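> Pasting a structure below so you can have a look.
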Amino acid sequence: EEHLITNKRVAKPSDDPVAAARISKLKSYLAKTEQYMKNIDEGKTYLSAMETSVNGIKDSLVRTQELILDKLSGAENPEDWQIAADELGNIIENVLQQANSKHEGRYLFGGFASQSAQVDDDGNYLGRSGDELEIEIGEGEYMCINICGDDLMATPDGINIIQMLEDIRDHTAAGDSDWLREHLSDLQSALD
């Protein structure tokens, strides 16, 4: 009679212990799969937010390169050099803002130390190096979903990107085309 009311062949484990065990196992598998899907969705959202910030930094570095190449392409008056230096000051602020971006209340590039800003005004990374945020995307399968700020804010040669941009700004304000020409490769390294 209970089978007719619930429309289930196994309403309680004693109806068919083997089938009840399979049902329990399938429910557990379904719950795990749903959790993996949730983890993947959260990971995609987190990665998307990181990508937006990284692209913002990249765009700032590209604009810096454009400004330098423009200044190196011809003789300009001191006012033009200062206008470029002022724009570089804004670029530095934007890079710092992107490096300290948040997603759902967490700083993106802080690894496990995600509750406070990770890059100071001088471009120094304040977090722990090498923290990998991993999500479980399948039974025993994990995927790293972060970049730490120390990897983001330094060139492969170890040059601090903010300090590099500040040097570029200062030498642009001084109209020092020789120095800019000599250090253009640092900017390319940061872009790479």
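The values are calculated or read from the model by the stated rules, or taken from the named source; none is laboratory data. Fair warning: this is a prediction, and the values are worked out from it, not measured in the lab. Neighbour counts are summed over all protein chains in view; Cβ atoms, including those assigned to glycine, are modelled from backbone coordinates with ideal geometry. Please note that ligands, DNA and RNA were not included when accessible areas were found on the heavy atoms of the full protein model with its side chains. Shrake-Rupley method; radii C 1.70, N 1.55, O 1.52, S 1.80 Å.
> Is it the case that some residue within segment 96-109 is open to solvent by 60 Å² or more (accessible area, probe 1.4 Å) and assigned to a helix (DSSP H, G or I)?
To start, the set of residues in segment 96-109 that are open to solvent by 60 Å² or more (accessible area, probe 1.4 Å) comprises 97, 102, 104, 106.
Next, from what is left, pick out any that are assigned to a helix (DSSP H, G or I): 97.
Yes, the conditions are met somewhere in segment 96-109.
Residue by residue, here is whether (1) in contact with a Leu (Cβ under 9 Å, 6 or more places away or on another chain); (2) surrounded by fewer than 12 Cβ atoms within 10 Å (Cβ to Cβ); (3) modelled with pLDDT of 90 or more; (4) over 30 Å from residue 136 (Cβ atoms) holds:
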{"position": "7", "(1), (2), (3), (4)": "no, yes, no, yes"}
{"position": "11", "(1), (2), (3), (4)": "no, no, no, yes"}
{"position": "17", "(1), (2), (3), (4)": "no, yes, no, yes"}
{"position": "27", "(1), (2), (3), (4)": "no, yes, no, no"}
{"position": "36", "(1), (2), (3), (4)": "no, no, yes, no"}
{"position": "41", "(1), (2), (3), (4)": "no, yes, yes, no"}
{"position": "54", "(1), (2), (3), (4)": "yes, no, yes, no"}
{"position": "67", "(1), (2), (3), (4)": "yes, no, yes, yes"}
{"position": "84", "(1), (2), (3), (4)": "yes, no, yes, yes"}
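> Quick one: how many residues across segment 120-177 are open to solvent by 60 Å² or more (accessible area, probe 1.4 Å) and within 29 Å of residue 33 (Cα to Cα)?
Within segment 120-177, residues that are open to solvent by 60 Å² or more (accessible area, probe 1.4 Å) and within 29 Å of residue 33 (Cα to Cα) number 7.
> For segment 178-192, how many residues are in a helix (DSSP H, G or I) and open to solvent by 50 Å² or more (accessible area, probe 1.4 Å)? Lay out the reasoning, then the answer.
Going residue by residue through segment 178-192, those that are in a helix (DSSP H, G or I) are 178-191.
Still in the list and also open to solvent by 50 Å² or more (accessible area, probe 1.4 Å): 178, 181-182, 185, 188.
Counting residues in segment 178-192 that are in a helix (DSSP H, G or I) and open to solvent by 50 Å² or more (accessible area, probe 1.4 Å) gives 5.
> Then there is this: How many of the residues making up segment 120-160 are of a type in the set (Val, Ile, Thr), part of a loop (DSSP other than H, G, I, E, B) and more than 15 Å from residue 101 (Cβ to Cβ)? Spell out how you get there, then give the answer.
Just the residues of segment 120-160 that are of a type in the set (Val, Ile, Thr), to begin with: 135, 137, 145, 147, 155, 159.
Narrowing further to those that are part of a loop (DSSP other than H, G, I, E, B): 145, 147, 155, 159.
In the following step, the residues that additionally are more than 15 Å from residue 101 (Cβ to Cβ) were identified as 155, 159.
The total comes to 2.
One line per residue, one yes/no per condition, for (1) under 19 Å from residue 94 (Cβ atoms); (2) at pLDDT 90 or above:
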{"site": "149", "(1), (2)": "yes, no"}
{"site": "157", "(1), (2)": "no, no"}
{"site": "183", "(1), (2)": "no, yes"}
{"site": "188", "(1), (2)": "no, no"}
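> Check segment 43-51 and report whether any residue there is modelled with pLDDT of 85 or more, of a type outside the set (A, V, I, L, M), in contact with a Phe, Trp or Tyr (Cβ under 8 Å, 6 or more places away or on another chain) and assigned to a helix (DSSP H, G or I). Step through it out loud before you land on a result.
Of segment 43-51, the ones modelled with pLDDT of 85 or more are 43-51.
Retained after the next criterion (residues that are of a type outside the set (A, V, I, L, M)): 43-46, 48, 51.
Now narrow it down to the ones that are in contact with a Phe, Trp or Tyr (Cβ under 8 Å, 6 or more places away or on another chain): none.
No, because not a single residue in segment 43-51 is modelled with pLDDT of 85 or more, of a type outside the set (A, V, I, L, M), in contact with a Phe, Trp or Tyr (Cβ under 8 Å, 6 or more places away or on another chain) and assigned to a helix (DSSP H, G or I).
> Report, ordered by the first and then the second residue, all pairs with beta carbons closer than 7 Å, sequence separation of six or more or different chains, a first member in segment 27-40 that is in contact (Cβ under 8 Å) with a residue 12 or more places away in the chain, and a second member that is open to solvent by less than 90 Å² (accessible area, probe 1.4 Å) and not in a helix (DSSP H, G or I).
36/136; 36/137; 36/138; 39/135; 39/136; 39/137; 40/137
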